[in-house]
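Reading through the structure tokens given below for one structure.
The values are calculated or read from the model by the stated rules, or taken from the named source; none is laboratory data. Not measured: the values here are computed from a predicted model. No Cβ is skipped: glycine too gets one built from the backbone with ideal geometry, and neighbour counts run over all protein chains shown. In case anyone asks, the SASA skips ligands and DNA or RNA and just uses the protein heavy atoms, side chains included. Shrake-Rupley method; radii C 1.70, N 1.55, O 1.52, S 1.80 Å.
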Amino acid sequence: MDDLDDADRRLLSALHAHGADPRVAAVARALSWSGEHGALWLAAGLAGAVADRGRSGAWLRATALTAGAHLASTVVKRIVRRPRPTHVEPRVRTAGRHSFPSSHAASAAAAAVAYGALGAYAVPPLAAAMCLSRLVVGVHYPTDVAAGAALGAAAAGLGACWIGAGHG
């Protein structure tokens, strides 16, 4: 095991330990559940399109970028095929066996960038909490979450001009 793997395991163990508090575990499980397949972020984008009719097109494009980041992460996950952590007991069930990158983190970071650009300033802290929840529930290594967040932020950042394209 190299130093990065060791640090990954130790940091995950430390963060996972905070889930021993039932209140922390409940919040982490709720965040993990709501982020499955990017559901929370896709629903938020669609709600933004309905609520902000003048910019509905921009909201839909931001939602498409968020979905695209999630899809890209699942493709990378199938290529890399890193197994999920086994040294901690998971607190949630997962849709798949592979860990790298975190698709929850990819869609959360994409939503933070894309919806944040549209003025949804509550999304970035919620996205950060979602990323952290994946460690507290013990289903990703920190490097999985960091890579997923980087992928999602990059996808949304690269599409930023497209979000603002057109009139709405």
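For the stretch 65-135, trypsin sites (Lys or Arg not before Pro) are listed when DSSP marks them as loop and at most 14 other Cβ atoms sit within 10 Å of their Cβ; the list is R81, R93, R97.
For A114, the shell of other residues with beta-carbons less than 15 Å away shows a net charge of +1, using +1 for Lys and Arg and -1 for Asp and Glu. Accessible surface area normalised per residue over the chain is 50 Å², counting heavy atoms of protein chains with a 1.4 Å rolling probe.
Taking label positions 7 Å along the Cα-Cβ direction at both E89 and A160, the computed distance is 4.4 nm, reported to one decimal. Relative contact order of the chain: what whole-number percent is it, with Cα pairs under 8 angstrom and at least 6 residues apart? Relative contact order here is 32 percent.
Rounded to two decimals, the Cα radius of gyration of the stretch 51-104 over 2.2 N^0.38 Å is 1.56. Amide H contacts of H140 (H built 1.01 Å from N, in plane; Pro and chain starts excluded): no residue 5 or more places away or on another chain comes under 5 Å.
Work out the FRET efficiency for R78 and R23 from their Cβ-Cβ distance, taking R0 = 25 Å, and round it to the nearest 0.05. Once rounded, the FRET efficiency stands at 0.10.
Among residues other than A28 whose Cβ falls under 12 Å from its Cβ, what is the net charge (Lys/Arg +1, Asp/Glu -1)?
With Lys, Arg at +1 and Asp, Glu at -1, the neighbours total +3.
Note on the chain: percent of Cα-Cα distances in each 5 Å bin, starting at 0 and stopping at the bin with the largest distance, equals 2, 10, 19, 21, 18, 13, 9, 5, 2, 1, 0. Working note: Karplus 6.51/-1.76/1.60 with θ = phi - 60° gives the stretch 9-24 the couplings 5, 5, 5, 4, 4, 5, 6, 4, 4, 5, x, 5, 6, x, 5, 5 Hz, where Gly and Pro are set to x. Taking a sphere under 15 Å around the Cβ of L4 and counting the other residues whose Cβ falls inside, with K and R at +1 and D and E at -1, yields a net charge of -3. For the peptides 36-47, 148-159, the ranking by packing is 148-159, 36-47, with the highest mean count of neighbouring Cβ atoms within 10 Å listed first.
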